Number of protein chains: 10
Amino acid sequence: MDFLVRIAVTLPPELPVERVERLVAAERARGAELKADGTIQRIWRIPGGMQNVGIWSAADATALHDALMSLPLARYMKAEVTPLAVHPLE
Amino acid sequence: MDFLVRIAVTLPPELPVERVERLVAAERARGAELKADGTIQRIWRIPGGMQNVGIWSAADATALHDALMSLPLARYMKAEVTPLAVHPLE
Amino acid sequence: MDFLVRIAVTLPPELPVERVERLVAAERARGAELKADGTIQRIWRIPGGMQNVGIWSAADATALHDALMSLPLARYMKAEVTPLAVHPLE
Amino acid sequence: MDFLVRIAVTLPPELPVERVERLVAAERARGAELKADGTIQRIWRIPGGMQNVGIWSAADATALHDALMSLPLARYMKAEVTPLAVHPLE
Amino acid sequence: MDFLVRIAVTLPPELPVERVERLVAAERARGAELKADGTIQRIWRIPGGMQNVGIWSAADATALHDALMSLPLARYMKAEVTPLAVHPLE
Amino acid sequence: MDFLVRIAVTLPPELPVERVERLVAAERARGAELKADGTIQRIWRIPGGMQNVGIWSAADATALHDALMSLPLARYMKAEVTPLAVHPLE
Amino acid sequence: MDFLVRIAVTLPPELPVERVERLVAAERARGAELKADGTIQRIWRIPGGMQNVGIWSAADATALHDALMSLPLARYMKAEVTPLAVHPLE
Amino acid sequence: MDFLVRIAVTLPPELPVERVERLVAAERARGAELKADGTIQRIWRIPGGMQNVGIWSAADATALHDALMSLPLARYMKAEVTPLAVHPLE
Amino acid sequence: MDFLVRIAVTLPPELPVERVERLVAAERARGAELKADGTIQRIWRIPGGMQNVGIWSAADATALHDALMSLPLARYMKAEVTPLAVHPLE
Amino acid sequence: MDFLVRIAVTLPPELPVERVERLVAAERARGAELKADGTIQRIWRIPGGMQNVGIWSAADATALHDALMSLPLARYMKAEVTPLAVHPLE
């Protein structure tokens, strides 16, 4: 089943730069794994900040939650999830 | 998979009373079928208007959409769907 | 360039059923053309009403506007457009 | 009487990890008690963050407030309460 | 149990004046009954339109819903209900 | 003149527990004075957090402001004030 | 006591032009009376539509409600009222 | 002085097609005049509907209001006006 | 030209009391200057917090911005500015 | 392609004044470069705070994102981006 997932990340201003860099690198690595195994089908940046929108694929909402929580930045992100139904044009 | 579905119905003021009564009766009948087959697991009225909230169960968002569109009042309703994941307390 | 487009259709309650059917059929046909020529890359239904979300591809916002306005239901729809930037995971 | 309760938890970023772990464990234990005594009838996670939605049962709003405030994370949570009326389909 | 109920009435502009007058008179009469039997404990107008806010008392949300739906203007009103818990100052 | 006042308190997470306890006790004491002199006519807790709603009575908005600012938690609270007019049912 | 009152008027599109003209003229006349007797202290147009904001003066919210309801366009307007307290700079 | 003006037009569905066409043509003509005399400095369509955003220049808010109200579609439009101050980069 | 300006001040909870007192005194002094030179025409407190609403007069939005930024609390305030046009009743 | 970009900057209150000054100077310098190379076509201050609105020009959303992220204050700003289509009046 597909989900539209919109994620906005807010890093606390007092987080040291090196910590931010390590977190972002870990996030990129975990994202690549989710992309490779088909959980993240497509992903785009929303211009102007640390925001993205993607098409995620998972067995159900529980599997999707686990995938999202596996992201190293999970604690700092706000995710908005919309369940998607098949459209007759597809 | 479970979904939280909140439905608000707005009937156009010009709809004749008998038409409203027939629609509401048909809605009740279709609702009873969805309750009987387990699609609607639980449902409550939100006090003060034609609104309800329920726990719906469907294979995926496509099956849920079909169930919602099968309601006779579908054209007049606004549904807000939240996908639900299993909670460790259950 | 890609755009995330979320469309909600509100048909006036007084529109005769046959008119609605003709409009929806024309919309489906025009949608199929936009899907075939790659303007609509992917499209999903948002469960519970006449709403969809899609990934549209167009040279720029002007071309996207023309494609959206070519839909027979354009007069009755509300479209929310988000410009999309390439994500490093892609 | 039933209530729909939607809870979102926001932990201050400066809270040490061990403190978070202890709080979450205490929350889980108290939640299990409320589940066992029937105050929490059903509960689900909302995918993508520390959010849940549940059906709570209490004598009245005062008893519900006391139950919610007995949660160890109460200070960090925002709860949205909707009173529920019996639906004719039940 | 007490509830804070905020009601806004929107009459369709095409409703004939005599019909409006008859509805408002019936609403006033039913309101007086609910005031007399203690369902409406206190009620105030919100200045500038057909809006009011009141403290309602009912056994539970189901009894409150029935009282609200017994109002002749129910079809034209939007009610916002907040369940109230006892405050230690009372 | 009556006012509907809805208050939400947000304590900064870094406030030491003893400071919180002292502030809450002082708030309770000042609230009792305002209840005794008729400024707070009725007050209820909104279940699930540090929120309340009350009917306040004051000569005008200036007197109401002074009463609200006399609360020890004023610095940490957000108050929403609605002026109330007499309803014909009263 | 002073109130900030923001009014937006929405005329139903099917209202005949002459009816609109008569209503607007009557509104202007009643507005002039309220201006002359000091109920409307100052009033401005908000550019771009049938909206205005004004400083109204009335004994209390009940007197303000009566003044607002005496406007011929009351049925078509939405008023937002903010009670005003004296500022130390005045 | 410059203003950012965002306009959304909503035509009543019952307006006959020829009336719409005549109104749109008149709107285009009046818009061209405002563009020629420098009142509308720049204007863009917001993709997906009858919406635009523009930079308008007028002596003050009163002159801007008069220019906006001179548009034939004024009765059907909603305008959102933001006053603009000079930026040091200009 | 007149502007409606609504200002809400949020002081960071960690600001020492003496610093707050000095800032508020400086704000009061600068406010008195702006009142004396006619920039602030009228100003009121919004009851229940550090909020006010005023009628400001300035040559244009640039002059208004400079006046607002000259306030010692500017860094901690959020201002909402509405441009005002002359109303025919004035 | 043109974009309407509205930016609001929120500096953490604990940022030392000299750091703020250095950041603002760097922001001004980078802004001047983007203005000189035509990325920022026009820019205005929104009166009353650290907010601006501008017309940006970029090949696509990816180029726009890179330009926005090159601003020294990017970490502290919230940008709202609207894609713009050509209007027939231009």
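The values are calculated or read from the model by the stated rules, or taken from the named source; none is laboratory data. For clarity, every value in this text was computed on a predicted model and none was experimentally measured. Methodologically, a virtual Cβ is constructed for each residue, glycine included, from the backbone with ideal geometry; neighbour enumeration extends over all protein chains shown. Surface accessibility is based on the protein's heavy atoms, side chains included, excluding ligands, DNA and RNA. Shrake-Rupley method; radii C 1.70, N 1.55, O 1.52, S 1.80 Å.
Selection of the range A:68-90 for residues being outside any loop (DSSP other than H, G, I, E, B), touching a residue at least 12 places away in the same chain (Cβ under 8 Å) and open to solvent by 10 Å² or more (accessible area, probe 1.4 Å) yields A:76, A:77, A:78, A:79, A:80, A:81, A:82. Could we say that residue A:64 is more than 7 Å from every other protein chain (Cβ to nearest Cβ) and open to solvent by less than 10 Å² (accessible area, probe 1.4 Å) here? No, not satisfied. Residues in the range A:13-22 that are surrounded by 12 or more Cβ atoms within 10 Å (Cβ to Cβ) and among the β-branched types (Val, Ile, Thr): A:20 alone. When the range D:1-12 is filtered for residues that are open to solvent by 40 Å² or more (accessible area, probe 1.4 Å) and either under 12 Å from the mean Cα position of the chain (by Cα) or aliphatic (A, V, I, L, M) (or both), the ones remaining, listed by number, are D:1, D:6. With respect to (1) free of Cβ contacts under 8 Å to residues at least 40 places away in the same chain; (2) touching a strand residue (DSSP E or B) at 6+ places or on another chain (Cβ under 8 Å), the lone exception for residue J:33 is condition (2). Residues of the range I:46-67 that are touching a helix residue (DSSP H, G or I) at 6+ places or on another chain (Cβ under 7 Å) and either in a helix (DSSP H, G or I) or hydroxyl-bearing (Ser, Thr, Tyr) (or both): I:67 alone.
Of everything in the range A:1-22 that is of a type outside the set (Asp, Glu) and without any contact (Cβ under 8 Å) to a residue 40 or more places away in the chain, the residue that is farthest from the other protein chains (Cβ to nearest Cβ) is A:22. Residue count for the range G:1-26 satisfying the condition of being out of contact with any Ser or Thr (no Cβ under 9 Å at 6 or more places or on another chain) and closer than 23 Å to residue F:85 by Cα: 3.
Note on the range A:46-57: among residues that are under 14 Å from the mean Cα position of the chain (by Cα) and open to solvent by less than 30 Å² (accessible area, probe 1.4 Å), the one that is farthest from the other protein chains (Cβ to nearest Cβ) is A:56. I need the full set of residues from the range E:23-45 which are open to solvent by 50 Å² or more (accessible area, probe 1.4 Å), at the interface with chain F (Cβ under 10 Å from one of its Cβ atoms) and not in a helix (DSSP H, G or I), in order please. Answer for the range E:23-45, where residues must be open to solvent by 50 Å² or more (accessible area, probe 1.4 Å), at the interface with chain F (Cβ under 10 Å from one of its Cβ atoms) and not in a helix (DSSP H, G or I): E:41, E:42, E:45. Working only within the range G:68-90, note down all residues that are in contact with a Phe, Trp or Tyr (Cβ under 7 Å, 6 or more places away or on another chain) and facing chain E (nearest Cβ under 9 Å). The one that is in contact with a Phe, Trp or Tyr (Cβ under 7 Å, 6 or more places away or on another chain) and facing chain E (nearest Cβ under 9 Å): G:81.
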